[in-house]
Amino acid sequence: MIYIVEDDRNIQEIELFALKNSGYQAAGFETAKEFYKALSERLPELILLDIMLPDEDGMSILKRLRSRADTQKIPVIMVTAKSSELDKVKGLDGGADDYIAKPFGVMEMIARVKALLRRSGGAGENLLVCGSVMLDSEKRMVYVDGKPVELTYKEFELLKLLMKNHGIVISRDVIMERVWDSSFEGESRTIDVHVRTLRQKLGEGGSLIRTIRNVGYMADSTK
């Protein structure tokens, strides 16, 4: 998923069309407020960020992205009408990965997106986000509202299994097999204990884990 933060509706529609026509999933936002709301629900693989926005400057948004543990590695391409070398340097020094000045060609934009995604190795692939909970497989870290939460190895693997299958009920048998590499009967009590401690450690984020009576558990952030 690629996020476009652009208040000019015509330019945003052109960017969306070009990306989708090139096989990418994309979503557009006209304000920082809309963008932040979407960011809390799902992290993108790349962000196209305009500097001039009605409610918050793009450089300010970039600073926030780079200060948060869950978004600091997401590739960002700054898109702006400003084309001076100083503005470009400011953007790159602020943490942007690339810079496109308006007006730009659609083919150039797609080429830059493809190149940046190749260089980043698809930063979003190692990140799972469900509601306020973010799991980084590469770092083996979990964050709730951007704050780190320490989990044991099994708690992490259990949460990862549920989040990777968001919205799907995972039976106790499957959990035992995938997390504990075991199919011993009577061991489901172990799962219940781990789920209870996991919910406690996640705090408000613990509501993500739903108990499906007589079946198993499911990660559900739609409640």
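A compact table of results
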item	result
Added length on full extension, which subtracts the Cα-Cα distance from 0.36 nm per residue, Ser40 to Arg118	25.6 nm
Pair-distance profile P(r), taking every C-alpha pair of segment 1-115, with 10 angstrom steps and integer %	14, 53, 31, 2
Whether segment 1-56 is rounded, prolate or oblate, judged on the alpha carbon gyration tensor where a/c under 1.5 counts as rounded	oblate
Helix 106-120 vs. the chain, principal-axis angle (Cα, 0 to 90°, nearest 10)	40 degrees
Identified option (computed percent of Cα pairs over 32 Å apart; candidates (i) 29; (ii) 19; (iii) 34)	(i)
Nearest-ten-degree value, helix 188-202 long axis tilted from longest Cα axis of the chain	40 degrees
Length added when fully stretched, Asp55-Ser171, from 0.36 nm per residue minus Cα-Cα	37.2 nm
Over the chain: helical MRE at 222 nm, DSSP H runs n ≥ 4 each giving -39500 (n - 2.57), nearest 500	-12500 deg cm²/dmol
Violating pairs (Cα-Cα greater than 26 angstrom) within the set Lys63/Lys201; Lys73/Lys114; Lys33/Lys102	Lys63/Lys201
Angle between the chain longest axis and helix 58-67 axis [Cα atoms, degrees, rounded to 10]	30 degrees
Of all accessible heavy-atom area on the chain, the percent that carbon and sulfur account for (1.4 Å)	49 percent
Listed residues Ala101, Ala111, Ala27, most fluctuating in the chain (Gaussian network, C-alpha, under 10 Å)	Ala111
The chain - accessible surface per residue (Å², probe 1.4 Å)	53 Å²
Label point distance in nm, Arg210-Arg140, each placed 7 Å from Cα along Cα→Cβ	3.1 nm
Calculated FRET efficiency for the pair Ala27/Glu108, C-beta based, R₀ 30 Å, to 0.05	0.90
Separation of the Ser67 and Ala81 label points, Cα + 7 Å toward Cβ, nm	2.8 nm
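The values are calculated or read from the model by the stated rules, or taken from the named source; none is laboratory data. Everything numeric here is computed off the predicted structure, so don't read it as measured data. Every residue, glycine as well, gets a Cβ built from its backbone with ideal geometry; the counts of neighbours run over all protein chains shown. Remember, those area values only see protein heavy atoms, side chains included, never the ligands or the DNA or RNA. Shrake-Rupley method; radii C 1.70, N 1.55, O 1.52, S 1.80 Å.
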